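Asks: Here it is, the structure, as structure tokens.
What follows draws every value from the coordinates through simple rules; no lab data is involved. None of these values were measured; they are calculated from a predicted model. Neighbour counts are summed over all protein chains in view; Cβ atoms, including those assigned to glycine, are modelled from backbone coordinates with ideal geometry.
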Amino acid sequence: MLYQKQECNGPLYQMCLYSMGTMPGMSPRQRAGRRRTTDAAKQEINRRQRKWRLMQLICANFRSGHDLFVCLTYAPDANRARALEKFHAKMKAAYKKLGLTYKYIAVTEEHDMDGEPVRLHHHLIISGAADMRLAETVRACWPYGHADVRTLREGADFFEDTALYLLKEDKHKARGARRYSTSRNLTPPADPVRLRLPEEAEPETPPGVKIVENVRNANEFGRYEIMVGRIYDHKAFDAWWQIQRRRAAPDPWERLRRRRQRKV
């Protein structure tokens, strides 16, 4: 049997699929090989999950060319106590006066990727507004040093480079600890669609999606596949996505109820 998980956030489509469980008639060698293949698939998928989660969060809440990427640094004599917290409060008030909603993802850094200490600074993705110059608003709310404000750019990687930059490994942080904070008003990534498929099933490319990454690995014991795509036709994709969601009803009795309703 195959386990499939599909996720959709903004223009980002992601799918992972891998063999799971054992089949009747498998020898002890085949069962052991199947478990190893399943474990390898899970490790590869989990390795990507931290990056994927942040990419999903960005895609669900921010837009390239519309929102802002900000770096906040401190002057040598600045009072750093609760500075970022005060900044968020000022930004929220300033945005409210402008009729805007303030949303952010923030990362604080004190060490580089090699663990060497660097000057304390913050990287943020914050909500912007069309045809509004918000750089001066950001700088006015940060009297503790310099504020570098740029337009958020996606490129062709669904903010993957941005996510990797924000998730740079810090040897001084606990393994697995979340390296970013967010405002409470962010839209969470959409619930995934989970399906169990026959062993011989092949994943389909959804209508309205252009695949930009496809990783496959297979052996005699099983296989896994990871697919990332860009949704370019939301109307075509949304119709297909609704069918997928109905196929993956969380209630195991939902399909039976539907059959009974059709017969009435």
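Asks: Sorted from largest down, give the three principal axis spans of the alpha carbons of region 68-152, whole angstrom values.
Replies: 41, 25, 16
Asks: Residue by residue, what Karplus-based ³J(HN,Hα) values in Hz, rounded to whole numbers, does region 180-196 have, using 6.51, -1.76 and 1.60 with θ = phi - 60° and x for Gly and Pro?
Replies: 9, 10, 9, 6, 6, 8, 5, 6, x, x, 5, 4, x, 9, 10, 9, 10
Asks: On to the next question. Need the full-extension length gain, Arg47 to Met132, defined as separation in residues times 0.36 nm minus the C-alpha distance. One decimal, nm.
Replies: Going from the current span to full extension adds 26.7 nm.
Asks: Once you keep just the Cα pairs under 8 angstrom separated by 6 or more residues, what percentage relative contact order results for region 68-152?
Replies: Result for region 68-152 is 50 percent.
Asks: Now a separate question. Would you mind calculating the gained length between Arg216 and Arg153 on full extension (0.36 nm times residue separation, minus the Cα-Cα distance), in nm to one decimal?
Replies: 19.7 nm
Asks: Here is a further query. Report the gain in length on full extension from Asp161 to Asp77: 0.36 nm times residue separation, minus Cα-Cα distance, nm rounded to one decimal.
Replies: 27.0 nm
Asks: In whole Hz and in residue order, list the ³J(HN,Hα) couplings for region 84-97 that follow from phi through the Karplus curve 6.51 cos²θ - 1.76 cosθ + 1.60, θ = phi - 60°; x for Gly and Pro.
Replies: Rounded to whole hertz, the list is 5, 4, 5, 4, 4, 5, 5, 5, 4, 5, 5, 5, 4, 5.
Asks: Then there's this: Over 29 Å between Cα atoms, which of Lys96/Lys235; Lys5/Lys96; Lys5/Lys92; Lys51/Lys235; Lys5/Lys90; Lys51/Lys210 qualify?
Replies: Over 29 Å apart, Cα to Cα: Lys96/Lys235; Lys5/Lys96; Lys5/Lys92; Lys5/Lys90.
Asks: Follow-up question, since we're still on this one. How much FRET efficiency would the formula 1/(1 + (r/R0)^6) give for Arg223 and Ser27, where r is the Cβ-Cβ distance and R0 is 25 Å, rounded to 0.05?
Replies: Efficiency computed from Cβ-Cβ geometry: 0.85.
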